[in-house]
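First the structure, in the form of structure tokens, and then the observations on it.
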There are 2 protein chains.
Amino acid sequence: MKKIITISREFGSGGRSIGKRVADKLGYKYYDKELIEKVAEKSGLSKKYVAEAGEYAPSKSRFSYAFLGRNVNGLSVEDYLWSIQRGIILDIGKEEHCVIVGRCADHILGDREDCLSVFIHADPKIRAKRIVERYGETDTDPFKRLKDKDRRRSLNYKYYTDRQWGACDNYDIALNSGTLGLERCVEIVVGLAR
Amino acid sequence: MKKIITISREFGSGGRSIGKRVADKLGYKYYDKELIEKVAEKSGLSKKYVAEAGEYAPSKSRFSYAFLGRNVNGLSVEDYLWSIQRGIILDIGKEEHCVIVGRCADHILGDREDCLSVFIHADPKIRAKRIVERYGETDTDPFKRLKDKDRRRSLNYKYYTDRQWGACDNYDIALNSGTLGLERCVEIVVGLAR
């Protein structure tokens, strides 16, 4: 029986939808925007900033982390946000049966035997179609949007966990939602949690 | 319904045992040593050489592929072996319902919709224990044996497929046999094949 399920996902892979359905089926609390709200409240940072910087590396440069200013109690704002976010994820993990999407929760809670860590991915063609359907067109090519989001998530993950994002070794199970279908992924994760 | 199941695996993760049990449960033909025998027969190379060079990069240097001699019809022996092995895997895929372990079969057959590609991994501590139980002690530290085997498999895979071995994106499903248990992995793969 798994008390906590962490869902890491490639942008556009349907990982959030899968997480929500898993939580509903198991009667678990679902943390996605709800986590952002908690972190924003505790840190005093805006929800928009938390949503962005709590999961993505700064966009300009791959070395951006090295050049961040130090502003809050001698920490960069990003490191301050990380420490608040980490603390809240640990607290949630102590208290509730839950599904947590993103935010390195797989790393923060992954050592616990009652935690199941899941990675959801799919072919870029399928993901590009999905993000256009879901979030609409923008001036930027959808493949470029995918690549940029994945790269920045990967850098954030590497910086704070020292692990390679999307490497099988990090997760209990990794599923291709494009070839297996969302419903099959939900079934498998629910089956493993029970 | 999946006609072909490819199993890629970290050394000592129990991937071969899982593959064998999946094949038995589905009534599929199992290709592991059987594949090596077919390749040895067709190529005229020894079984021992095929078992080793058909899956592992040369041990001495990470650049060894670049310095291989060219001996058979203008190909290096490794490239000759690869072409024979690839052809046999494609033929098997046409003819039979089967489980194929290793040998880049996930890449060679992965575009087919009736192929399920699986990656099995586990924590090095669990794998080290397993290889000592299964293959006995040697003069070399089991962690070093794991690292060397994985590194050479990874280089072979990268050279012939241009993909990163052990990256979630390559596979339909990746399973941690250490945390999930071998039997659970068998169940999930059989469930997805049916």
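Data for the structure
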quantity	calculated
Charged-residue dipole, Cβ positions (Lys, Arg, Asp, Glu), the stretch A:4-193 about Cα centre, Debye nearest 20	620
Net charge of neighbours whose Cβ lies under 13 Å from the Cβ of A:K3, counting Lys and Arg as +1 and Asp and Glu as -1	+1
Straight-distance crosslink candidates among aspartates and glutamates, where the alpha carbon sits under 16 Å from B:K38 and sequence neighbours closer than 8 are dropped	B:E52, B:E55, B:D91, B:E95, B:E96
Three-way shape label, chain A, alpha-carbon gyration tensor, a/c 1.5	oblate
Separation between Cα centres of the stretch B:175-193 and the stretch A:1-54, rounded to whole Å	26
Relative contact order [Cα under 8 Å, 6+ residues apart], chain B, whole percent	38
Number of partner chain Cβ atoms within 10 Å, mean per residue of A:119-126	2
Estimated [θ] at 222 nm from DSSP helical runs (n ≥ 4, -39500 (n - 2.57)) normalised by residues in chain A, nearest 500	-16000 deg cm²/dmol
Positive minus negative residues near B:P124 (Lys, Arg vs Asp, Glu; Cβ under 12 Å)	+3
Whole-Å distance, taken between Cα centres, linking the stretch B:107-123 and the stretch A:98-163	21
Amide proton proximity set for A:I5, modelled H, under 5 Å, gap of 5+	A:C98, A:V99, A:I100, A:L116
Average partner coverage of B:159-170, which counts Cβ from other chains inside 10 Å	4
Rotational relation B to A, axis-closest Cβ in chain B, residue and distance rounded to whole Å	B:A174, 2
Per-residue average of Cβ from other chains inside 10 Å of A:50-57	0
The stretch A:111-191 shape via C-alpha gyration tensor axes, a/c threshold 1.5	oblate
Net charge of neighbours whose Cβ lies under 13 Å from the Cβ of B:K38, counting Lys and Arg as +1 and Asp and Glu as -1	-1
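None of the figures in this text is laboratory data; all of them are computed from the coordinates on show. Predicted model, so just to flag it, every value in this text is computed and none were measured. Every residue, glycine among them, receives a Cβ derived from its backbone with ideal geometry; neighbour counts consider all protein chains shown.
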